[in-house]
1. Can you find a residue in region 177-194 that is more than 22 Å from the chain's Cα centre (by Cα) and aromatic (Phe, Trp, Tyr)?
2. Determine, yes or no, whether PHE260 is hydrophobic (A, V, I, L, M, F, W, C) and in contact with a Ser or Thr (Cβ under 7 Å, 6 or more places away or on another chain).
3. Please give the number of the condition VAL108 fails out of (1) touching a His at 6+ places or on another chain (Cβ under 9 Å); (2) open to solvent by less than 20 Å² (accessible area, probe 1.4 Å); (3) touching a residue at least 60 places away in the same chain (Cβ under 8 Å); (4) not charged (D, E, K, R).
4. Just to be sure, is LYS234 out of contact with any Leu (no Cβ under 8 Å at 6 or more places or on another chain), modelled with pLDDT of 95 or more and of a type outside the set (Val, Ile, Thr)?
5. In region 154-170, is there at least one residue being within 24 Å of PHE119 (Cα to Cα), touching a helix residue (DSSP H, G or I) at 6+ places or on another chain (Cβ under 9 Å) and surrounded by 19 or more Cβ atoms within 10 Å (Cβ to Cβ)?
6. What do you reckon, is GLU259 buried (at least 16 other Cβ atoms within 10 Å of the Cβ) and closer than 22 Å to ILE148 by Cβ?
7. Confirm whether TYR275 is open to solvent by 60 Å² or more (accessible area, probe 1.4 Å) and touching a residue at least 60 places away in the same chain (Cβ under 8 Å).
8. Inspect all residues belonging to region 37-53 and state whether any of them is touching a Ser or Thr at 6+ places or on another chain (Cβ under 8 Å), open to solvent by 40 Å² or more (accessible area, probe 1.4 Å), of a type outside the set (Asp, Glu) and at pLDDT below 90.
Amino acid sequence: MGNVLAASSPSPPPALGPGLVSVPPGFTMPSVTGLSATADRKETEEDRLPNPGTIEECHRKCKELFPAQMEGVKLIVNKGLSNYFQVNHTVSLSTLEDSNYHFGATYVGTKQLSPSEAFPVLVGDLDNSGSLNAQIIHQLTNHIRSKIALQTQQSKFVNWQMDTEFRGKDFTAAVTLGNPDIVVGSGIVFAHYLQSITPSLALGGELVYHRRPGEEGTVMSLAGRYTAPNWTAKLTVGQAGAHATYYHKANKQLQVGVEFKASALLQDTSASFGYQLDIPEVHLLFKGSVDSNWVVGATLEKKLPPLPLTLAMGAFLNHKKNKFQCGFGLTIG
């Protein structure tokens with residue numbers, strides 16, 4: 001909801017191999033150290049509250065368990081040209097949609113914040129029709145991070161947005177500006193705030209303001225997250241509906257998640273169950289899901305060390321529509 005390009009932006013490239021800096025996994029920020037031990041007892045207890053992250057991240061951990069739909073054949077070739085630059089080629093052959101080719105490039109700068117985070121980050125993806133998706137992420141200060149994303153369809157701009165995020169010791173505030181047009185007087189503004197109340201509980205809210213000729217309105221929602229050692233529950237409720245997720249880590253290999261959505265606009269509700277089985281000893285990753293619309297899906301990923309190869313297979317069946325689709329993928333590098 002808070003990301004204009006969430007459905008169309010290119011997925012972050014996979015980790016670059018040993019010795020290469022990887023792209024930061026989303027809009028994250030390293031933890032903030034507390035004050036010195038010379039602070040008084042009250043200040044020390046407050047500073048122990050963790051940074052809660054962003055509202056966009058609240059449901060991400062659960063949604064990552066669900067398999068991504070696959071159809072046709074996909075070949076991905078990743079090549080690291082240096083410690084800071086990587087390119088990738090993707091060829092997709094489909095029986096339902098047009099086949100296409102994508103060229104992607106990733107540059108990771110020299111401002112190292114942690115072993116897995118360096119800035120600035122530039123990510124671009126260009127397909128055979130000339131459509132472009134691009135993102136620029138930069139850590140401006142220790143607390144402020146900014147991101148600019150844009151999307152073109154052939155030679156026309158379709159979407160662009162700018163995010164600015166401030167992370168304090170125990171809170172996060174963010175503002176997103178999407179598709180602003182000063183001449184026409186249109187655009188969308190998202191404002192987020194999430195505050196840690198206790199080490200386990202975080203509460204916050206989101207305000208969305210949209211404007212275009214002849215139409216103007218706001219949508220508000222409240223968010224809450226409770227984190228335990230082995231599970232996390234999140235709830236977002238507002239004028240647009242409700243969204244709840246539950247994530248549980250059963251053991252080192254098995255993780256499960258439940259998602260519930262209720263849309264006031266579409267007058268529709270749905271529930272989904274997903275799970276992930278990770279067996280690192282045999283380099284195997286399996287994901288499966290089933291929802292209230294009787295859509296069943298599964299994906300299987302198998303790495304083939306010492307070769308830099310990853311095989312992926314997926315199948316999805318919609319029982320109500322009697323529709324079946326399957327896919328196969330090969331990643332090199």
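The values are calculated or read from the model by the stated rules, or taken from the named source; none is laboratory data. Since the model is a prediction, treat every value here as computed from it, not as a measurement. Backbone-built Cβ (ideal geometry, glycine too); neighbour counts: all protein chains shown. Side chains included, ligands, DNA and RNA excluded: accessible areas come from the protein's heavy atoms. Shrake-Rupley method; radii C 1.70, N 1.55, O 1.52, S 1.80 Å.
1. No: zero hits.
2. No: the conditions fail for PHE260.
3. (1)
4. yes
5. Yes, region 154-170 contains a residue that is within 24 Å of PHE119 (Cα to Cα), touching a helix residue (DSSP H, G or I) at 6+ places or on another chain (Cβ under 9 Å) and surrounded by 19 or more Cβ atoms within 10 Å (Cβ to Cβ).
6. Spelling it out, it is not the case that GLU259 is buried (at least 16 other Cβ atoms within 10 Å of the Cβ) and closer than 22 Å to ILE148 by Cβ.
7. Here the answer is yes, as TYR275 does meet what is asked.
8. yes
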